[in-house]
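Worksheet: the structure to be examined is printed underneath.
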There are 2 protein chains.
Amino acid sequence: MERTVEVMENILDKNEQLAGEVNKSLTERGIFAVNVMGAPGAGKTTTLLNIIPKLKGQSFVIEGDIQSDIDTQKLAEAGIKAVQINTGGACHLDSPLIAEAIPTEDFGYVFIENIGNLVCPAEFMIGEHIKMLIVTVTEGSDKPYKYPLAFEKADIILLNKVDLLPYVDFDIDYFTAGVRKLNVNAPIIQLSKVTGDGYGEASAWIAKRSGKGL
Amino acid sequence: MERTVEVMENILDKNEQLAGEVNKSLTERGIFAVNVMGAPGAGKTTTLLNIIPKLKGQSFVIEGDIQSDIDTQKLAEAGIKAVQINTGGACHLDSPLIAEAIPTEDFGYVFIENIGNLVCPAEFMIGEHIKMLIVTVTEGSDKPYKYPLAFEKADIILLNKVDLLPYVDFDIDYFTAGVRKLNVNAPIIQLSKVTGDGYGEASAWIAKRSGKGL
């Protein structure tokens, strides 16, 4: 098992190194990169469809999926430029994949939609400036306690599908307490595609953090 | 990268070999093992809480989580014997973990609740007789297209939280067509903890498949 661990650490080191290079190149080009993480069906693409039009300048999306180009098609229909990465079976995106997918054109923002997975993506830097975690009220309020790393590493946390709160058991105080044990700084912003709530606040936070303004 | 792939194949081979041994031992002891897979918040524990009391004989649960013993506590409160495995960071259970967690007492069933993850658990045999996949209508109907392996390998598919169907976009025909492209045999049973629908049908299917009857 020691050899396995060593090889894994090597992979992680190489990934981190390339992530640093990707990040530096993006920064020099004035592109702000967001690593979008969340479980399957958390609403990652829908959130991007609603946030991107509120941001100043053009955005580009790198869409990560095991298989299919469903999300890239949705973005294209909305007039948002995007490229699809299909990992085959891999459970997260890594820096070599992103280094190849970064556009040569200049954009204000690159959003990298990671594989739907609350575990593995949090372990791998991919050149991003911030990590944006999307979780839903339908997943239950115990998620920070069960999947701590994603919550610990997030710079902004979007609590999605709050329109379903009347129909599910979700204890927002328990959820918030769990997040705050891991992460004191990330804002927790409630979102709903039904009411449109939260997209303005989330966009404003990203615009401020990127230094680009609204 | 070739060395990495080789090491990974070695790990998979060793895992499969031990899975076969675990499975053989369970079979000889008359214990039927179910690998329970699903994304975070799919309702894996709630489903076990509702299915287990309908089955003949005693059940034992092996609870897999990155961190926390929330689900083991829930099971204990309901009088169901369970043991917690915390993987620390690992995104799936594997055979060595299960080989150690299998009880020495005899039970009719062992349910192994895997890490909440629609990707990695599907790749690893852990000694189970069947894989039970739980997905929810809140995750969206495109999941079989995006995460094919879990659907392909499932022996039974439970579509959970159908009480929320009036409030979400979920195209059941599109979902079913996606599943059937990958898997023609697994029953797709609709579940709801609100109405109690589906637990009887799911228990009956498991009882029949295990040969134990109801």
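Polar (S, T, N, Q), without any contact (Cβ under 8 Å) to a residue 40 or more places away in the chain and either on the phi > 0 side of the Ramachandran plot or out of contact with any strand residue (DSSP E or B) (no Cβ under 9 Å at 6 or more places or on another chain) (or both) - does that describe any residue in the range B:21-29?
The answer is no; no qualifying residue exists.
Among all residue pairs at least 6 apart or on different chains, which show Cβ distances below 6 Å where the first residue, located in the range A:68-86, is under 15 Å from A:V110 (Cβ atoms) and the second is assigned to a helix (DSSP H, G or I) and among the charged types (D, E, K, R)?
none
Any chance you could count how many residues in the range B:1-53 are over 13 Å from B:N160 (Cβ atoms) and in a strand (DSSP E or B)?
4
A:L93 versus (1) closer than 30 Å to B:E123 by Cβ; (2) within 15 Å of the chain's Cα centre (by Cα); (3) in a helix (DSSP H, G or I): which is the lone unmet condition?
Only one criterion in (1) closer than 30 Å to B:E123 by Cβ; (2) within 15 Å of the chain's Cα centre (by Cα); (3) in a helix (DSSP H, G or I) is unmet by A:L93, namely (3).
What's the total number of residues in the range B:134-165 that are within 11 Å of chain A (Cβ to nearest Cβ) and closer than 15 Å to B:L93 by Cβ?
Residues that pass the stated criteria total 1.
Taking A:L118 as meeting all but one of (1) of a type in the set (A, V, I, L, M, F, W, C); (2) out of contact with any helix residue (DSSP H, G or I) (no Cβ under 6 Å at 6 or more places or on another chain); (3) farther than 24 Å from A:K208 by Cα, write down the number of the exception.
It is condition (2) that A:L118 fails.
Which condition breaks for A:R29 when tested against (1) modelled with pLDDT of 95 or more; (2) within 14 Å of another protein chain (Cβ to nearest Cβ)?
Only one criterion is unmet by A:R29, namely (2).
What are the residues in the range B:19-78 that are closer than 18 Å to B:T136 by Cβ, hydrophobic (A, V, I, L, M, F, W, C) and touching a Leu at 6+ places or on another chain (Cβ under 6 Å), if any?
Hits for the range B:19-78 are B:M37, B:A39.
Working carefully through the options B:I115, B:I126, find the one that is assigned to a loop (DSSP other than H, G, I, E, B), under 24 Å from B:L26 (Cα atoms) and at the interface with chain A (Cβ under 10 Å from one of its Cβ atoms).
The conditions single out B:I115.
Residue by residue through the range A:53-74, note down the ones that are surrounded by 22 or more Cβ atoms within 10 Å (Cβ to Cβ), of a type outside the set (G, A, S) and more than 14 Å from chain B (Cβ to nearest Cβ).
Listed by number, the residues that qualify are A:F60, A:V61, A:I62.
Mind checking which residues of the range B:96-112 are within 14 Å of chain A (Cβ to nearest Cβ) and either out of contact with any strand residue (DSSP E or B) (no Cβ under 8 Å at 6 or more places or on another chain) or not aliphatic (A, V, I, L, M) (or both)? So that I can check it myself, show each step before the final result.
First, pick out the residues of the range B:96-112 that are within 14 Å of chain A (Cβ to nearest Cβ): B:96-97.
Residue satisfying the conditions is B:P96 alone.
Kindly state which helices (runs of 4 or more DSSP H) lie completely within the range B:136-214 and contain at least 1 residues that are under 17 Å from the mean Cα position of the chain (by Cα) and either basic (K, R) or loosely packed, with under 15 Cβ neighbours inside 10 Å (or both).
B:143-146, B:148-153, B:199-210
Out of (1) over 24 Å from A:T72 (Cβ atoms); (2) within 14 Å of chain B (Cβ to nearest Cβ), the odd one out for A:W205 is which?
(2)
Report, by residue number, each residue of the range B:32-51 that is more than 18 Å from B:N117 (Cβ to Cβ) and surrounded by 23 or more Cβ atoms within 10 Å (Cβ to Cβ).
B:F32, B:A33, B:I51, listed by residue number.
Would you confirm, using the coordinates I've provided, whether A:K131 is more than 9 Å from every other protein chain (Cβ to nearest Cβ), among the basic types (K, R), farther than 23 Å from A:G88 by Cα and touching a strand residue (DSSP E or B) at 6+ places or on another chain (Cβ under 6 Å)?
Values: more than 9 Å from every other protein chain (Cβ to nearest Cβ): yes; among the basic types (K, R): yes; farther than 23 Å from A:G88 by Cα: yes; touching a strand residue (DSSP E or B) at 6+ places or on another chain (Cβ under 6 Å): yes.
Yes; evaluated as a whole, the condition is true for this residue.
For the range A:102-120, which positions are under 23 Å from A:N50 (Cβ atoms) and either at pLDDT 95 or above or crowded, with 21+ Cβ neighbours inside 10 Å (or both)?
A:F107, A:G108, A:Y109, A:V110, A:F111, A:I112, A:E113, A:N114, A:I115, A:G116, A:N117, A:L118
Condition first: closer than 22 Å to A:I115 by Cβ and aliphatic (A, V, I, L, M). Now tell me which residues in the range B:135-158 satisfy that. Can you show your working first?
At the first step, the residues of the range B:135-158 found to be closer than 22 Å to A:I115 by Cβ are B:135-154, B:157.
Correct list: B:V135, B:V137, B:L149, B:A150, B:A154, B:I157.
Exactly one condition in (1) surrounded by 21 or more Cβ atoms within 10 Å (Cβ to Cβ); (2) more than 10 Å from chain B (Cβ to nearest Cβ); (3) aliphatic (A, V, I, L, M); (4) not in a helix (DSSP H, G or I) is not met by A:V83; state its number.
Among (1) surrounded by 21 or more Cβ atoms within 10 Å (Cβ to Cβ); (2) more than 10 Å from chain B (Cβ to nearest Cβ); (3) aliphatic (A, V, I, L, M); (4) not in a helix (DSSP H, G or I), A:V83 violates only (1).
The values are calculated or read from the model by the stated rules, or taken from the named source; none is laboratory data. Given the structure is predicted, the values throughout are model-derived calculations rather than measurements. Here Cβ is always computed from backbone atoms with ideal geometry, including for glycine, and neighbour counts include all displayed protein chains.
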